[in-house]
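First up is the structure itself, then whatever we jot down about it.
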Ligand SMILES: [Zn+2]
């Protein structure tokens with residue numbers, strides 16, 4: 001069992017994110033990263049010169065943290081290029097909290113930006129020139145024409161339906177509730193209400209998943225700043241403490257996932273909750289990686305919000321929407337707010353805003369404990385962060 | 001529509017013996033001499049015990065569909081004209097799981113748990129790609145999928 005050494009040692013003190021209703025953002029990835037870092041530092045009342053820990057997962061070249069630090073002109077004494085896809089930022093928060101607790105850095109930043117929607121309009125991004133390398137994926141999966149990442153999640157959904165009787169109607173409710181939150185978020189890409197029937201009538205993409213089961217493709221960016229609990233209390237915003245964190249990755253290729261109905265969130269969530277000394281019933285608001293509707297059902301089960309196999313009936317009750325017993329993805333999530341390829345940074349930013357009471361129309365009243373859970377790759381890399389207000393520390 | 005040429009997978013050092021066998025439509029799996037277990041995908045060490053002495057054994061070519069998804073659109077230009085087609089994970093009798101296509105049946109009729117048998121599609125370079133067909137379907141192990149079977153509309 002993990003001990004609770006890290007509990008409350010570090011806090012998120014600054015956040016920023018960028019997205020737009022038309023799905024595009026102006027500027028290059030590098031400029032957006034810089035803008036997000038500047039905004040998040042300003043939110044905290046800190047400056048670039050305070051940053052001595054840099055956490056970044058993606059880059060045009062071979063060394064994300066080296067290249068970004070050089071671009072920004074900083075020389076961090078703590079560096080982390082951990083790349084787990086969409087969950088990288090939750091992993092970064094875990095690592096940053098540990099680094100801060102151990103004295104390896106004082107002020108840590110994790111940042112993300114991507115412009116896939118604008119790249120598509122321009123006919124390519126910095127990934128577009130890449131050719132298929134001699135990877136295991138190319139050798140053992142690519143010849144079979146699985147649409148990625150959609151098809152991997154479709155395989156998980158099909159297996160879940162076979163094993164537990166989960167239905168498309170049940171999963172559709174995840175998308176319906178995401179729109180209800182998005183309606184209250186002026187920056188959300190999709191704000192029109194939809195019904196379960198709308199989801200079921202949308203085009204089949206990879207059975208059993210349909211268009212409205214799938215996340216968006218938009219530009220987006222964000223950053224999170226962390227520091228020690230002591231220093232956090234002197235800064236501009238109310239600190240949001242890292243109460244618990246956990247990570248587990250089980251595979252890289254979907255064909256190597258041990259059980260398509262069980263993710264590493266069983267491990268990451270249990271660790272995060274144990275570290276926090278809390279459980280699912282203590283959580284006031286959840287931000288769950290919603291790349292596809294099935295992802296949310298799997299995560300709710302694996303994090304312990306409902307028993308294994310009951311994710312379908314659980315979401316079908318409408319508990320995730322405004323006024324529900326488990327408010328989830330209060331921005332509208334990847335299904336309706338924004339999804340630039342790796343959604344994890346937005347989960348953290350919204351969790352922090354909810355705990356600060358900055359949620360505006362979509363504020364969950366009295367939220368004291370929030371859970372942000374990232375999923376990277378194809379249900380590959382799971383990372384859970386439990387956050388809390390001063391009252392919970 | 002005429003089916004495009006399949007994507008020809010790169011050949012890793014560890015996978016080379018597998019691909020060599022497919023030139024003769026032989027289906028082989030890597031087994032660990034030390035711990036006696038097979039693995040998939042092919043590595044040049046055993047993922048169960050890290051031993052490096054492996055041997056290739058003829059596989060049964062039989063398995064069951066662990067999960068399946070029908071692609072309504074082609075994943076890439078090399079698959080254009082084949083849609084809708086079924087991508088499946090198949091659990092082989094030997095206890096390993098691999099990605100494949102199930103052919104020789106309407107894609108939306110492929111079910112989880114269905115017994116399947118290996119069949120081969122020739123690649124442009126003389127290797128063969130292992131696909132699977134329903135075990136109860138007519139035809140021999142070496143016969144290709146019936147023409148048109150993978151292009152039936154997915155209602
Ligand atoms: Zn072995």
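The values are calculated or read from the model by the stated rules, or taken from the named source; none is laboratory data. All values reported here derive from a predicted model rather than from experimental measurement. Neighbour counts run over all protein chains shown; Cβ positions are idealised from the backbone, glycine included.
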Taking the range B:1-15 as the region of interest, how many residues are more than 16 Å from the chain's Cα centre (by Cα) and within 14 Å of chain A (Cβ to nearest Cβ)? 6
What about residue B:65, is it away from the ligand (no atom under 16 Å from the Cβ), within 14 Å of another protein chain (Cβ to nearest Cβ), touching a residue at least 24 places away in the same chain (Cβ under 8 Å) and out of contact with any strand residue (DSSP E or B) (no Cβ under 6 Å at 6 or more places or on another chain)? no
If you take the residues of the range B:98-119 that are within 9 Å of another protein chain (Cβ to nearest Cβ) and buried (at least 21 other Cβ atoms within 10 Å of the Cβ), which of them is nearest to the chain's Cα centre (by Cα)? B:100
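Quick check on my filter: what residues within the range B:32-47 are within 9 Å of the ligand (Cβ to nearest atom) and buried (at least 18 other Cβ atoms within 10 Å of the Cβ)?
Hits for the range B:32-47 are B:32, B:39, B:46.
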Quick check on residue A:302: is it surrounded by fewer than 24 Cβ atoms within 10 Å (Cβ to Cβ), within 18 Å of the chain's Cα centre (by Cα) and either more than 18 Å from residue A:161 (Cβ to Cβ) or touching a residue at least 40 places away in the same chain (Cβ under 8 Å) (or both)? no
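Please find, among A:267, A:296, A:286, A:262, the residue that is touching a strand residue (DSSP E or B) at 6+ places or on another chain (Cβ under 8 Å) and outside any helix (DSSP H, G or I).
Working: A:267 fails: outside any helix (DSSP H, G or I); A:296 fails: outside any helix (DSSP H, G or I); A:262 fails: touching a strand residue (DSSP E or B) at 6+ places or on another chain (Cβ under 8 Å).
One residue alone meets the criteria, A:286.
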Would you say residue B:89 is in contact (Cβ under 8 Å) with a residue 24 or more places away in the chain, facing chain A (nearest Cβ under 10 Å) and within 13 Å of the chain's Cα centre (by Cα)? yes
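For every residue, the table says whether it meets (1) surrounded by fewer than 24 Cβ atoms within 10 Å (Cβ to Cβ); (2) within 18 Å of the chain's Cα centre (by Cα).
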position	(1), (2)
A:295	no, yes
A:318	yes, no
A:332	no, yes
A:335	no, yes
A:341	yes, yes
A:373	no, yes
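Go through B:52, B:22 for me and flag whichever is over 30 Å from residue A:262 (Cβ atoms) and within 16 Å of the ligand (Cβ to nearest atom).
Selected residue: B:52, the only one of B:52, B:22 that is over 30 Å from residue A:262 (Cβ atoms) and within 16 Å of the ligand (Cβ to nearest atom).
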Residue B:29 fails exactly one of the following numbered conditions: (1) in a loop (DSSP other than H, G, I, E, B); (2) within 16 Å of the ligand (Cβ to nearest atom); (3) in contact (Cβ under 8 Å) with a residue 40 or more places away in the chain. What is the number of that condition? (1)
Per-region count, the range B:48-73, residues loosely packed, with under 13 Cβ neighbours inside 10 Å and on the phi > 0 side of the Ramachandran plot: 1
Return the only residue of B:95, B:113, B:104, B:124 being at pLDDT below 95 and assigned to a loop (DSSP other than H, G, I, E, B). B:124
Failed condition for residue A:277, given (1) more than 17 Å from the chain's Cα centre (by Cα); (2) under 22 Å from residue A:377 (Cβ atoms): (2)
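Determine which member of the set B:34, B:51, B:21 is part of a loop (DSSP other than H, G, I, E, B), touching a strand residue (DSSP E or B) at 6+ places or on another chain (Cβ under 6 Å) and more than 14 Å from chain A (Cβ to nearest Cβ).
After ruling out the rest, the residue left standing is B:51.
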Looking at (1) more than 14 Å from every other protein chain (Cβ to nearest Cβ); (2) in contact (Cβ under 8 Å) with a residue 40 or more places away in the chain, can you tell me which one residue A:154 breaks? (1)
One residue is enough: does the range A:162-174 have a residue meeting the conditions at the interface with chain B (Cβ under 8 Å from one of its Cβ atoms), under 19 Å from residue B:91 (Cα atoms) and either modelled with pLDDT of 95 or more or touching a strand residue (DSSP E or B) at 6+ places or on another chain (Cβ under 6 Å) (or both)? yes
Given (1) part of a loop (DSSP other than H, G, I, E, B); (2) surrounded by fewer than 24 Cβ atoms within 10 Å (Cβ to Cβ), where does residue A:314 come up short, assuming only one miss? (1)
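Residues are listed down the side, and each one gets a yes or a no for (1) under 28 Å from residue A:233 (Cβ atoms); (2) in contact with a helix residue (DSSP H, G or I) (Cβ under 9 Å, 6 or more places away or on another chain); (3) modelled with pLDDT under 95:
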position: A:11; (1), (2), (3): yes, yes, no
position: A:16; (1), (2), (3): yes, yes, no
position: A:36; (1), (2), (3): yes, yes, no
position: A:41; (1), (2), (3): yes, yes, no
position: A:54; (1), (2), (3): yes, yes, no
position: A:61; (1), (2), (3): no, yes, yes
position: A:77; (1), (2), (3): yes, no, no
Please verify whether residue B:11 is more than 16 Å from the ligand (Cβ to nearest atom) and out of contact with any strand residue (DSSP E or B) (no Cβ under 7 Å at 6 or more places or on another chain), treating the condition exactly as stated. yes
